Amino acid sequence: MKLFEIFLTGVALAMDAFAVSICKGIKMKKLKWSHLVIIAIFFGGFQMLMPLIGWLLGSQLVQYIEAFDHWIAFVLLAIIGGNMIKESLDKDTCEMDPDFSFKTMLMMAIATSIDALAVGVSFAFLKVNIWTAILVIGLTTAAFSGVGLKLGNVFGCRYKSKAELAGGIILVLIGLKILIEHLLA
């Protein structure tokens with residue numbers, strides 16, 4: 001994977017955190033810098049940690065499934081992307097508690113980064129430089145989370161479903177690209 005593809009993966013993975021940040025921003029009367037820092041650290045940090053854990057797990061399995069690893073990467077990315085597309089089409093409201101306590105932020109950070117664990121597994125099969133990948137993914141998510149919080153505070157829930165749809169489409173397309181490259185090689 002090239003750096004641009006890693007960046008696109010980071011953007012796609014950041015969309016859940018972006019959407020949650022928008023919802024949190026909607027509920028806030030006054031946005032403080034500390035809120036931006038908290039959300040960026042929690043969401044960006046977990047988006048770095050989960051792919052690393054997935055990569056460590058996947059690295060242990062590479063030798064056993066190298067012959068069909070591209071199919072696994074494709075399926076994982078397609079499932080994650082498909083889920084994001086499906087969620088973007090749900091007509092749910094943007095209800096969220098503006099609580100920034102450690103417990104609340106920890107649960108939300110874990111929930112929005114589970115898909116990054118599966119992406120980390122696929123990174124092991126693709127032999128991606130994990131340190132570059134997690135840095136790009138974490139910084140991208142931190143930035144998107146801060147921007148999402150501000151956008152939610154200013155504009156409301158208009159962009160939540162569009163962000164999830166874009167993220168899902170990007171992951172599915174990256175999965176297709178990986179599969180096609182391996183099949184044509």
Just how much of Asp69 is accessible, in Å², when a 1.4 Å probe is used and the result is rounded to the nearest 10?
10
If R0 = 35 Å, then Leu183 and Ala111, at their Cβ-Cβ distance, give a FRET efficiency to the nearest 0.05 of 0.55
Principal-axis tilt of helix 130-155 within the chain, Cα atoms, nearest 10 degrees:
30
Cα gyration tensor category, rounded, prolate or oblate, for the range 118-185 with a/c compared to 1.5
oblate
Once you have a ≥ b ≥ c as the square roots of the Cα gyration tensor eigenvalues for the range 15-94, tell me rounded if a/c is under 1.5, and otherwise prolate or oblate according to whether a/b is larger than b/c.
oblate
Note on the range 1-141: contact order normalised by length, alpha-carbon pairs under 8 Å, 6 or more apart, percent, works out to 55
Lys/Arg Cβ at +1, Asp/Glu Cβ at -1, dipole of the chain taken about the Cα centre: which of Phe144, Leu126, Ala109 is farthest positive-ward?
Phe144
Please sort by residue number the GluC sites (Glu not before Pro) in the range 46-141 whose DSSP state is loop and whose Cβ has at most 16 other Cβ atoms within 10 Å.
Glu95
Could you tally the net charge around Val121, taking each other residue with its Cβ under 15 Å from the Cβ of Val121, Lys/Arg +1 and Asp/Glu -1?
-2
Lys and Arg at +1, Asp and Glu at -1: neighbours of Phe74 with Cβ under 11 Å from its Cβ sum to -1
Angle in degrees between helix 33-65 and the longest Cα principal axis of the chain, rounded to the nearest 10
20
Helix 3-27 versus the longest principal axis of the chain: what angle, 0 to 90°, nearest 10, using Cα atoms?
20
Over what distance in Å are the Cα centres of the range 99-173 and the range 17-42 separated?
14
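The values are calculated or read from the model by the stated rules, or taken from the named source; none is laboratory data. Nothing here was measured: the structure is a model prediction, and the numbers come from that model. Cβ sites come from the backbone with ideal geometry, for glycine too, and all protein chains shown count toward neighbours. Note: accessible area is taken over every heavy atom of the protein model, side chains too, but ligands, DNA and RNA are not part of it. Shrake-Rupley method; radii C 1.70, N 1.55, O 1.52, S 1.80 Å.
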